[in-house]
1. At 1.4 Å probe size, with every protein chain present, just tell me what the per residue accessible area of the chain comes to in Å².
2. Loop-only trypsin sites (Lys or Arg not before Pro) in region 228-322, please: DSSP not H, G, I, E or B, and at most 12 other Cβ atoms within 10 Å.
3. Would you mind checking which residues have amide H under 5 Å from residue 258's amide H? H placed 1.01 Å from N; only 5 or more apart, or other chain.
4. For region 264-346, which whole percent of the accessible surface, found with a 1.4 angstrom probe, sits on carbon and sulfur atoms?
5. Positive end of the dipole of the chain, charges at C-beta (+1 Lys, Arg; -1 Asp, Glu), about the Cα centre: which of 191, 263, 320 has its Cα farthest in that direction?
6. Using a 7 Å offset from Cα along Cα-Cβ at residue 48, what residues in region 70-88 end up with backbone N under 17 Å from the label point?
7. In whole Hz, what ³J(HN,Hα) sequence does region 234-248 give by Karplus (6.51, -1.76, 1.60; θ = phi - 60°), x for Gly and Pro?
8. Students often check this: by mean Cβ neighbours within 10 Å, which of 195-202, 118-125, 245-252 ranks highest, and how do the rest follow?
Amino acid sequence: MATLVAEALRRSGHRVALYTSPHLVDVRERMVVAGRPITPEAFAAWTSELRPVIEQEGASFFEATTAIAFADFAARRADVAVIEVGLGGRLDCTNVVTPLASAVTGVAMDHTEYLGDSLDQIAREKAGIAKPRRPFVIGERDPTLADLLASLARDASAIPVVVPPDREYGGKLRLAGPHQRRNAAIAACVLDALPDGLRPSAHDRSVAFGSSALPGRFDRRGRWLFDVAHNTAGVETLLRGLDASPLPRPLHALVGILGDKDWRSMLSQLVRSVDRLWATVPPTAPLDRRWSLAEVAAAFPGATVEPRFERALEDVQSGAASVVVTGSFHTVGDAMARLPGFAPLG
């Protein structure tokens with residue numbers, strides 16, 4: 001959704017900054033101005049300059065990259081920024097900004113150790129980005145949760161804008177997967193909520209939505225499909241996309257999931273939808289968050305367990321007409337980095 005909003009603003013003549021997370025291969029993917037990521041030299045310079053404060057405050061990696069991004073956006077003279085929240089909303093470090101408009105695309109069970117173990121609790125955290133006298137766009141389809149988000153927005157003196165649950169974007173859309181039609185409808189509502197003078201024309205929005213690409217999100221390249229389905233809801237969305245746009249068979253899957261996710265539920269869905277599945281551990285996955293392949297092998301004896309990522313990436317291709325790479329951002333990013341021409345920054 002953030003990519004669509006940013007591209008529509010850019011098409012209308014604005015110098016747009018876009019901050020997203022996580023990255024797939026290169027941290028510089030997170031910090032883009034006028035369609036260009038921060039340069040390695042600028043990233044190094046800002047890291048050096050801000051390092052004393054980062055260390056003094058004990059800032060997390062995400063907090064540090066957010067500070068670097070905001071400094072870079074100011075230095076590159078962006079006139080509008082689209083900022084994606086990292087985790088939740090209320091306590092997220094991106095919440096220091098006072099936005100022209102804010103949005104929640106939906107509420108799902110994820111990051112429960114931080115956001116709460118119920119959808120109501122998670123919704124309350126997400127509603128923390130609503131600001132007084134500013135539009136708060138609500139894309140959640142469940143009417144009970146949407147009503148809760150709207151009530152919380154009113155409590156914060158924000159202006160709730162509920163996207164009708166059946167609304168989907170009907171124009172040309174480059175982003176694949178049926179869920180992107182909904183994301184585009186939410187993006188359109190965000191753009192409509194912006195002040196006069198910033199709101200893109202219908203033509204600019206149409207061109208932007210029809211041309212925007214997003215690496216690693218139902219991203220089909222030849223016989224490969226990359227999708228960062230990193231939680232149960234993500235896997236359900238991936239499988240709906242595969243039902244809507246079936247891939248040639250045999251269909252193989254390369255899967256690496258972080259150990260703190262509900263990987264049993266995720267794998268149980270995936271194994272029923274592919275012909276063969278390889279479970280592996282991406283090299284960039286944090287050591288303390290890696291899943292246990294021994295537990296995977298015990299729970300899913302039909303899966304091929306291969307701890308060597310490069311070997312799994314090679315073996316999954318054998319005999320496959322199509323290959324899905326999914327699970328964590330680490331899995332998709334590590335695969336794209338090792339396949340010629342697939343890395344997002346080249």
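The values are calculated or read from the model by the stated rules, or taken from the named source; none is laboratory data. Keep in mind it's a predicted model, so treat the numbers as computed, not measured. Counting neighbours? That spans all protein chains shown, and the Cβs are built from the backbone with ideal geometry, glycine included. Quick note on the areas: whole protein, heavy atoms, side chains included, nothing else; ligands and nucleic acids left out. Shrake-Rupley method; radii C 1.70, N 1.55, O 1.52, S 1.80 Å.
1. I get 46 Å² per residue for the chain.
2. Details: sites: 240, 261, 264, 272, 276, 289, 290, 308, 311; in loops: 261, 272, 308.
When the trypsin sites (Lys or Arg not before Pro) of region 228-322 are filtered for loop state and at most 12 Cβ neighbours within 10 Å, 272, 308 remain.
3. 328
4. Values: 1920 of 3760 Å².
Within region 264-346, the accessible surface is 51 percent carbon and sulfur.
5. Most positive-ward Cα: 191.
6. 72
7. x, 5, 4, 5, 4, 5, 5, x, 5, 5, 6, 9, x, 9, x
8. Values: 195-202: 11.8, 118-125: 17.4, 245-252: 14.8.
Listed from highest to lowest mean packing, they are 118-125, 245-252, 195-202.
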